[in-house]
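A quick write-up on the structure given underneath.
The values are calculated or read from the model by the stated rules, or taken from the named source; none is laboratory data. Note that the structure is predicted; figures quoted are calculated from it, not measured. Ideal geometry is used to build each Cβ from the backbone, glycine not excepted, and the neighbour counts take in all protein chains shown. Just so you know, the surface numbers come from the protein's heavy atoms only, side chains and all, with ligands and any DNA or RNA stripped out. Shrake-Rupley method; radii C 1.70, N 1.55, O 1.52, S 1.80 Å.
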Amino acid sequence: MNTIFSASSQIGMVSSFSELVHTDFKEETNALCWYRKLDGDFSEIVSQLSLKENITEVYPEDLMALQLSERGNMARETILNDLQLLTDFGASPSLNLLKCYERDDEFDFISTDVYSFHVDRSPIATDTFLCTYHGAASDIISNSEAEQKILIPEIRAKLQELHDGTEEEFENFLKENFFDLHYQLHEDAKPINLGQMHLWRLAVDHPKQKVLPCIHRAPKENEGEYRLLLIC
């Protein structure tokens, strides 16, 4: 088992899907990892899928149509099983073949795209699930190693220049444009890479959440390599 994962107070380690979905977040723990060493050739699946635009959703019927080797078929069965487990749990998983996400370069002092460290927010109680089967994997960071960007004086001042209104309206402006979801790492921060194959559950900011939401980011993709990512 990865010693970085098990040594981090931010991460709870589990050994089954049932344990993943039924273990409560508590104290500093806002990420749960079903740590897995999977057999199967996921690169074979990626090589046979067709990318449409920068992100293509892959459906079970797309996977079933592929002509795969024994190891490719093992990888397919793993993905189909993960999709079914999450669907039966009540989630809405999506399998994405991904070249890159859209970049937000409107402002040079703050970004709101998924490559920036951020948290997810929901009006209802929910969690973020993800698993990278192929390609670069996402990173998370402890909440103690990052600061909300809107609280950094120079960034806040520049955001205030964009907004002409009351302080209360300014706070709404920050939320409406998702500026409040993004974080800047401290100089000595050490992000943790989530790795391939493991199924993760990350805490989301919602009204019933008892822990701090998990700060995470999408990775910079490896040159010439697509990602295959389950997320919901």
Could you please tell me which pairs satisfy a Cβ distance under 8 Å, a separation of 6+ or placement on different chains, a first residue in segment 39-57 that is within 14 Å of Gly224 (Cα to Cα), and a second residue that is of a type in the set (Lys, Arg)? Leu51/Lys99; Asn54/Lys99
Within segment 5-17, track down each residue that is more than 18 Å from the chain's Cα centre (by Cα) and in a helix (DSSP H, G or I). Ser6, Ala7
Filter segment 6-47 for residues that are in contact with a Leu (Cβ under 9 Å, 6 or more places away or on another chain) and over 22 Å from Ile79 (Cα atoms) and give the result. Ile11, Gly12, Thr23, Phe25, Glu28, Asn30
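What strands (runs of 3 or more DSSP E) lie completely within segment 122-232 and have 2 or more residues being open to solvent by less than 30 Å² (accessible area, probe 1.4 Å)? Walk me through how you get there before you give the answer.
On the way: elements: 127-134, 139-141, 146-148, 183-185, 199-203, 215-217, 227-231.
Ranges flagged: 127-134, 139-141, 199-203, 215-217, 227-231.
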Looking at Leu20 and the list (1) open to solvent by 30 Å² or more (accessible area, probe 1.4 Å); (2) not in a strand (DSSP E or B), which single condition is not satisfied? (1)
Any residue in segment 79-93 that's more than 12 Å from Tyr59 (Cα to Cα) and among the β-branched types (Val, Ile, Thr): show its pairings with residues that are outside any helix (DSSP H, G or I) and at pLDDT 95 or above at Cβ separation under 8 Å, as long as the two are six or more apart or on different chains. Thr87/Pro93
Determine which member of the set Thr56, Thr87, Thr78 is assigned to a helix (DSSP H, G or I), out of contact with any Pro (no Cβ under 9 Å at 6 or more places or on another chain) and β-branched (Val, Ile, Thr). Thr78
Got a number for residues in segment 126-172 being closer than 23 Å to Ser9 by Cβ and not hydroxyl-bearing (Ser, Thr, Tyr)? 13
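Would you be able to say whether some residue in segment 171-179 is over 15 Å from Thr128 (Cα atoms), of a type in the set (Lys, Arg) and touching a residue at least 12 places away in the same chain (Cβ under 8 Å)? Walk me through it before giving the result.
Residues of segment 171-179 over 15 Å from Thr128 (Cα atoms): 171-179.
Now restrict to residues that are of a type in the set (Lys, Arg): 175.
Next, from what is left, pick out any that are touching a residue at least 12 places away in the same chain (Cβ under 8 Å): none.
No; the residues of segment 171-179 include none that is over 15 Å from Thr128 (Cα atoms), of a type in the set (Lys, Arg) and touching a residue at least 12 places away in the same chain (Cβ under 8 Å).
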Restricting to segment 93-119, and then to whatever is touching a helix residue (DSSP H, G or I) at 6+ places or on another chain (Cβ under 8 Å) and at pLDDT 95 or above, can you tell me which residue is surrounded by the fewest Cβ atoms within 10 Å (Cβ to Cβ)? Pro93
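From the set of residues in segment 66-92 that are among the hydrophobic types (A, V, I, L, M, F, W, C) and open to solvent by 70 Å² or more (accessible area, probe 1.4 Å), which is farthest from the chain's Cα centre (by Cα)?
Initial filter on segment 66-92 (among the hydrophobic types (A, V, I, L, M, F, W, C)): 66, 68, 74-75, 79-80, 83, 85-86, 89, 91.
From what is left, the residues that are open to solvent by 70 Å² or more (accessible area, probe 1.4 Å) are 74, 89.
Values: Met74: 24, Phe89: 19 Å.
The extreme case among them is Met74.
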Among (1) out of contact with any Leu (no Cβ under 6 Å at 6 or more places or on another chain); (2) over 25 Å from Leu20 (Cβ atoms); (3) at pLDDT 95 or above, where does Ser50 come up short? (3)
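Could you say whether any residue in segment 23-42 is part of a helix (DSSP H, G or I), open to solvent by 30 Å² or more (accessible area, probe 1.4 Å) and either among the hydroxyl-bearing types (Ser, Thr, Tyr) or out of contact with any strand residue (DSSP E or B) (no Cβ under 6 Å at 6 or more places or on another chain) (or both)? Step through it out loud before you land on a result.
Filtering segment 23-42 down to residues part of a helix (DSSP H, G or I) leaves 42.
With the extra rule that they be open to solvent by 30 Å² or more (accessible area, probe 1.4 Å), the set shrinks to none.
No, that holds for no residue.
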